[in-house]
Every structure is written in C-alpha cells, then in structure tokens.
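Only the coordinates and a few stated rules stand behind these numbers; no lab work does. These numbers come from a predicted model, not from an experiment. FYI the Cβ positions are ideal-geometry reconstructions off the backbone, even for glycines, and counts take in every protein chain you see.
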Amino acid sequence: MATHPGGLTTVAPAVRIAELTRSYDDRTILDSLDLEIRAGEFVALLGQSGSGKSTLLRALAGLDGEVAGTGLIDVPGAVSVVFQDSRLLPWLRVHDNVILGLTGPGAAEQGRESLAEVGLAGRERAWPNQLSGGEQQRVALARSLVREPELLLADEPFGALDALTRIRMHALLRSLCDRHRPAVLLVTHDVDEAIVLADRVLVLDGGRIAAEQLIDVDTPRNSADPRFAEIRAHLLGALGVTGEPREPREPRERSRD
Amino acid sequence: MVATVGTRTDSTSSAPARSSLRTRRRLGPGRPIRFGPTIGPLLLLTVWTAGSATGLLDERVLSAPWTVVTTTGELIESGRLQANLLTSVQRVALGLGFGVVLGTALALVSGLSRWGEAVIDGPVQIKRAIPALALMPLLILWLGIGEVMKVSTITLGVFVPIYIHTHNGLRGIDSRYVELAETVRLSRRAFIRRVVLPGALPGFLLGMRFAVTTGWLFLVVVEQINSTSGIGYMMELARTYGQTDIIIVGLVLYGLLGLLSDGAVRLIERRALSWRRTLAD
Ligand SMILES: Nc1ncnc2c1ncn2[C@@H]1O[C@H](COP(=O)(O)OP(=O)(O)O)[C@@H](O)[C@H]1O
Ligand SMILES: [Mg+2]
C-alpha cells in the first residue's frame, strides 16, 4: 500500500474486506471485492446508481442477513451508521433519539454534549419533525458519534439536503471526524463532496473497486484548485462520465446464458 | 353534506359583487359554523318540546322534556339513579380493563413472534367472524347470569378491536426503524419500550375508541338480560310499567357516558401523540 496523507503508513487496518461477494437472486452485485480502511482514515465511495454502494455498506454494517454471499469482513466492534434519511424515531425527543440504546449514568450528559457539538444545544426537547432536514441529519450525526465509533458508515447522508445546507454539513462532518477520528466510509454520488471530504476516494464499478484516488489537494479544499479539477476529471472518467454517453458497465459474468 | 356544499355555492356566487380580486372558488365545505355541532341536537329538542306542548306527542309514546327532567330529579333523590349508574360504570370499566390488557398482550405476542402469530391470530380472526353476542348462550351456560358473565361478555367484545388495531399498528412499524434499532444495538427490552410500543400506540388508541363504543353496546345487551341492577335494568323495569320518562333518562345517560368516554380517549390520544401534530399547529 502506498504512502497516505498524514504519514500513517503502518497502522493496522480498521476495516478489512476480502473477496466479498453479494448477489440478489442471480445478479452478482459485489464480485470478489477487496478493501482496506485504516484507523482514522476517511474514505469516500463513488459509484453509479445501482453499482452496489449501499449493498457494500450494509454488508459492513451487518444489515444484510438475508443477502446471499461469501467473503471476509473484519470491522471494529463500535460501528455507527448514518443513513440518507435521518431515521430519527418521531415519537422520541431529539435528546432521547441521540442517546437511544446508550446505558449508564453518563449517557444523558454525553447526549447533550454531542448535540452541542453539532450546533443543536438547546433543542434537546424538540420533536424530530420540528427540525429542518439539515437539523435532523445533524441529530443523526450526533447519535452516531456519541457512541464513539471506530468505524462510521454513511450512506449518502447529505443526499436529501439542499446545496447550501450540504456545504455546511461538509464542514461539520470534517471537523467532527478530525476530533473523533473514526475510520469513515462515506457513500456518495457527488464527486466534489468526495474530494472535499475524503483522504481517499474509491470508485465501485463492475462489482469491485475499479479505481482509487488519494486526495492530495491542499486544505481548505477548493474546487477552483487545479489539482482539484484534475482529480475530479479523473474520477468522472472512472465513473464513465466523459461527456459522451456510454453503456453502464455490468458486473462481470452477470449473465451466463 | 349535500346541503352544506349547496349553501357554499350560493355564497360564492354572490361573492364577486363584494370583492372581485379575492374571490377564489373553494371546493371544501367552507368555514366552520360557530357552535355548529350543537345546532342539530337543539333543533331536535325544540321539535320535541313543541310536540309535547301542543299535545301532538302522546305522553305514553314519548314523555315531555320537563317530565324527563323532574323524573331525573326524583331518581337522583331516591338514589336509584346513582346506584344503577355506579353498577353499570363498574361493569364497563372492568370489562374494558380486562379486555384492553388481554387484547394488548395478545397483540404483542402475535406481533413480535411468528409463532405467536401462528397460534393466536387465527383464533382471534375466527372469534371476530362470530358475532360476539352469539356467544352469550354459551357464556350463560358456563358462567351463569351473574356479574362474571356480564363482565366476561364485555371483555370478549372489547379485546377484539384492541387486538386488531394494536396488531395492525405493530405490523405497520417502519422496518427502517427496526434496522436502526439493530445498528444502535438496542436490547430486546429497549426495542419493545422505545420502538414497538410507541410505534403501535396510534393503532392501540384507535382500537381503544372502538373498544369503548363496544363496551357500552355490550353493557346494554347484558343489562337487559336477567339483571337486577344497572341502567339497563332500570330501563327494562320502566318498560314493563310503561314509564317512557325513565327510559329516556336511561338513554340520555347511555349517550352521555358514551360521549364522555370517547372524549376521554380522544384527549389521551392528543396528549400521547403530541409528537405527530407539532407541524400542524
Ligand atoms: N433487496 C434487494 N433485492 C433485490 N435487488 C436489490 C435489493 N437491494 C438492491 N438490489 C439491487 O442491487 C443493485 C445494487 O443496489 P445498491 O447497492 O442499492 O446500489 P447503490 O447504492 O450503489 O445505488 C441494484 O441493481 C439494486 O436494484
Ligand atoms: Mg444506495
């Protein structure tokens, strides 16, 4: 493995996936996929719609009990998931949503701190449907980080937000991750989002990691930076968005008849 | 309904004369009328009073409103009304209590495990298909004609809507919330307390409203069979003496009790489901 930004070259991987295969009925979605994520590393996963990003993430989260497949998945004990919908329980107040499932005397205080961290101090007693979409997603972030995860899995967490809110959420997520240092796997379909946030960007295509790109753009990352543009062009190319339409690449050996 | 819409059309057609700019055709029934719900009943009361005063309504067919009022006073003075009311309320309360516990417990078992559903759901559906009052001959044979039979009949009637609606509520809980519970590693206990029960609450409360109605309905029936106390007994006795005034007192009591209990359930509903209405008001 090459040298990564931050100089963390020899840390044991937090996540190790080897020869992961997943299929629905007869369609192979993930095809002998290999992936490693180091502790504290922020990895973004790009891929066309239907390429299997969510399938991979759900496999890592252990949420795919009914899906057929084989392979090795090695993840830390503390894993948090952020979904595209905030998935707050509407009948629990914001604070109770954050500390859902936490036990112990410190939980309430941790919940308050976590809410303050995402800028929602004072909204503890609000009902989820009194919050805007961005605020709800911040509560979901607080809920995932209050558990001090070693791995944070996020499936298009900002996909349903407006552009302005999304930019604010990027800064928030980045600062939260810098503070808590979980390994992150962020699924997104937004190339710029991936470049702004990640240490490393992967492209999922044909059931495996088809491209990998270290992000060595100076921070704060600006899309006007020539290096930014270069990486974006490269990633768009890997995604098959070259300006001219093309047939989506299918998972290999999909149909053998 | 037709009448309301008709009235509305009349008023909109005259509206352009007042302000041509703000006129917009409304398809709804229009603004609510002040004290609207009381208009119909007051009208009925007026017709009744007029009928009695003019002698068009025979006392033996329907007692005059003032007779009913004085009779109520006498019944309260003698203590008959309170005693019978207490007995009736007790029967319904017991039947509702047992029925709610039974229905909720069965719904939980059946909603949380496939085996529970396999064992419980079928028999309840069969029970539902049999008109509950058709079970009374059997219940009388088994339990006699005393309080046990009366409360059991109400219980058996009440638990069905509670079961059906709570079970529906449980089955309707969004699977995404179940998934969330898994990712935050909720214990089974916490899962039931934080996800299952609140998720099934709207269904349960809907069942509760049906259950209350059913409770009073069944009370009427059991009280008219071999009773020696209760509002139904009081009315049945009045029938044998042709006292329409007492029968009407009983009817009014049943009506008030039904309205009150439905109002109570709705109040609980508003409080317990306050999280739902926060954007609406
Ligand atoms: N539960 C399912 N049953 C059958 N097919 C599914 C199921 N979930 C996803 N798929 C299929 O698997 C493919 C990958 O889905 P997904 O991982 O959700 O893609 P992505 O998140 O990259 O858009 C899609 O073609 C989708 O239709
Ligand atoms: Mg997806």
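You can think of it this way: the chain between B:R176 and B:A83 has 28.2 nm of extra reach, that is 0.36 nm per residue less the Cα-Cα gap. The chymotrypsin sites (Phe, Trp or Tyr not before Pro) of region B:30-93 meeting both criteria, a DSSP state outside H, G, I, E and B (loop) and at most 16 other C-beta atoms within 10 angstrom of the site's C-beta, are B:F35. Each Cα pair under 8 Å and six or more residues apart adds its separation to the average, and for chain A the resulting relative contact order is 26 percent. Counting only DSSP H runs of at least 4 residues, each contributing -39500 (n - 2.57), and dividing by the residue count of the protein assembly as shown, the helix-based mean residue ellipticity at 222 nm comes to -17500 deg cm²/dmol. Basic side chains Lys and Arg get +1 at the Cβ, acidic Asp and Glu get -1 at the Cβ, and with that the dipole of chain B about its Cα centre reaches some 1640 debye. Based on C-alpha pairs under 8 angstrom that are at least 6 apart in sequence, chain B has a relative contact order of 21 percent. Positive end of the dipole of region B:63-271 (Cβ unit charges, origin at the Cα centre): among B:S110, B:G97, B:V178, the Cα lying farthest that way belongs to B:V178.
List the GluC sites (Glu not before Pro) within region A:119-182 that DSSP assigns to loop and that have no more than 12 neighbouring Cβ atoms inside 10 Å. Each step should come with its number before you reach the end.
Working: sites: A:E124, A:E135, A:E150; in loops: A:E124, A:E150.
Here no loop site has a sparse enough neighbourhood.
First check a/c for chain B, with a ≥ b ≥ c the square roots of the eigenvalues of its C-alpha gyration tensor; if it is under 1.5, answer rounded, and if not, answer prolate when a/b is larger than b/c or oblate otherwise. It comes out oblate by the Cα gyration axes.
Work out which trypsin sites (Lys or Arg not before Pro) in chain B are exposed loop sites (DSSP not H, G, I, E or B, at most 16 other Cβ within 10 Å) and give the longest gap free of them. Value returned for the longest uninterrupted segment is B:61-184.
Can you pull out the trypsin sites (Lys or Arg not before Pro) in region A:59-167 whose DSSP state is coil and whose Cβ has at most 10 other Cβ atoms within 10 Å?
On the way: sites: A:R87, A:R93, A:R112, A:R123, A:R125, A:R138, A:R143, A:R147, A:R166; in loops: A:R87, A:R93, A:R123, A:R125, A:R147.
When the trypsin sites (Lys or Arg not before Pro) of region A:59-167 are filtered for loop state and at most 10 Cβ neighbours within 10 Å, A:R125 remain.
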